[in-house]
Structures are given as C-alpha cells and as structure tokens.
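Below is one structure, written out as structure tokens, with a few remarks after it.
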Amino acid sequence: MRESIIDRFWADAEIVWEYHRLRHRPRACDAAVALGCNDLSVAAHAAALYHRGLFPVVVFSGANSRETFATFPRGESTHYREHALELGVPDGAILVEPCATNTGANIMLSRELLTACRIPVTSVMLVSMPYMERRAYATARKLWPEIDPVCSSVPLSLSEYVRSRQHGTELIDMMVGDLQRVIEYPRQGFAIPQQVPSIVYAAYARLVAAGFSSRML
C-alpha cells in the first residue's frame, strides 16, 4: 500500500525532493552543525564528513519532538553524539546543544555554543536530512548572516532514501511541510526568500490537493 501510494505521486515527490537538495560541493569549514531529527544517519553522515577532514568540530543540536521522543528518549543531540563516538569521532571534537526544538533554534543555539567555546567561525557545514537542506540554508542565511553555510546530507535519490528507511507516505508529507516553510517563513522573518520554480510549486500544489498535508503549518 505504501509503495503504491508513493508510486502514484512519484513524479511530483521527485520534483519536490530535488528542489530541497542544494547539492553544495563539500569543502572545508570551521565547524559543522548537525540538525536533530528522527534519522540517525544525519549523525553518521556528519561523522563521515569529519573523518574526511572537512571540519574540526561538530555541534549536534536537538532536544525532542513528538516524532523523535520514542526513538531518542534522551534527546536527539545526545543520541547523535553517542552514535558519532561509536563511529570514531573523538569526544573532544563534539559539542552538544540539547535544547533546540526547531531549525531556527538549532542555528541560534549552536551559534551561541560555538561562541561560548571561543571557536571562531566564518563558515559552517549544515548537516541535515536531504529534504531539509534548503530550509536549513535559508534559515542560517537569515539568522547567522555573517557565515557562509554549506549544506550536506546523505547522497541518496528519493527512491534510494525510501528503500533505506522505514518511512511510509509521511515522507511526502514531510517534504511538503518543509516546502511550505520555505515559502512562508521569509514573511515571518525566519528565513531568507528562496525562488520556487513554477514546476516545483505546481508539484507541491498537487501533493497538497492529494492530501499530503499533515506536516503543514
């Protein structure tokens, strides 16, 4: 049932997925911020980037949400840290920000933590789920304008991501919800505006009309 529903709306979901992914070329940054969510692969991807020498310190940021409490009962950032340690990231290269409950707080509280630790930062790698890249970028450019953010996520296509996760059709709902925030948050002062091509907006509208709206504002 899950696969048949996704297949029915595959073309539109693929358009929205590709819009969210910025495909920044990885480059050396002063620090990384890994945005908490319900996907432990974000921590694993941050660990892989660390081992490539792309940054000397990573902030794992995130408290809990209704989606992550059962999976990460001690907080997203705590579980991220533990997973990164298992993957060989030294404890001295990890900072934990345990209070953020939204992307804006991820950015602002991580910024404050790096400042408190006297770590000078002019460039940051934002590590997130693939469909959060654009919103993370737009949020950082608004709330931390002096840094040059680079976005990174696991390099998977939508079909690969679906096969490798236990997501149902809520994945489409989450992509739709993130796109709505990309559209609406600049008016609320939370992010810089991002151009939404007409083909992307049309796909988004069809998915909303089809009922993929549970994660919308």
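Looking at the range 24-44, is at least one residue under 30 Å from A202 (Cα atoms) and surrounded by fewer than 17 Cβ atoms within 10 Å (Cβ to Cβ)?
The answer is yes, given that some residue of the range 24-44 is under 30 Å from A202 (Cα atoms) and surrounded by fewer than 17 Cβ atoms within 10 Å (Cβ to Cβ).
Anything in the range 144-155 that is more than 14 Å from the chain's Cα centre (by Cα) and either open to solvent by 20 Å² or more (accessible area, probe 1.4 Å) or at pLDDT 95 or above (or both)? List them, or say none.
So the first thing to find is which residues in the range 144-155 are more than 14 Å from the chain's Cα centre (by Cα), and the list is 144-148.
W144, P145, E146, D148 - these are the residues of the range 144-155 that are more than 14 Å from the chain's Cα centre (by Cα) and either open to solvent by 20 Å² or more (accessible area, probe 1.4 Å) or at pLDDT 95 or above (or both).
Looking only at helices (runs of 4 or more DSSP H) that lie completely in the range 1-71, which have at least 3 residues being at pLDDT 95 or above and hydrophobic (A, V, I, L, M, F, W, C)?
10-20, 41-51
Condition first: within 16 Å of F55 (Cα to Cα), open to solvent by less than 10 Å² (accessible area, probe 1.4 Å) and in contact with a Phe, Trp or Tyr (Cβ under 7 Å, 6 or more places away or on another chain). Now tell me which residues in the range 85-143 satisfy that.
Once the filter is applied, which keeps residues that are within 16 Å of F55 (Cα to Cα), open to solvent by less than 10 Å² (accessible area, probe 1.4 Å) and in contact with a Phe, Trp or Tyr (Cβ under 7 Å, 6 or more places away or on another chain), the range 85-143 yields V89, A93, M125, L126.
For every residue, the table says whether it meets (1) under 26 Å from E97 (Cα atoms); (2) in a loop (DSSP other than H, G, I, E, B).
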| position | (1), (2) |
| --- | --- |
| R135 | yes, no |
| E146 | yes, yes |
| F190 | yes, yes |
| V196 | no, yes |
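The values are calculated or read from the model by the stated rules, or taken from the named source; none is laboratory data. Quick caveat, the model's predicted, so the values are computed rather than measured. A quick note on method: Cβ atoms are made from the backbone with ideal geometry, for glycine too, and the neighbour counts reach across all protein chains shown. The protein model used for the area step is the full one, side chains on, heavy atoms only, and it has no ligands, DNA or RNA in it. Shrake-Rupley method; radii C 1.70, N 1.55, O 1.52, S 1.80 Å.
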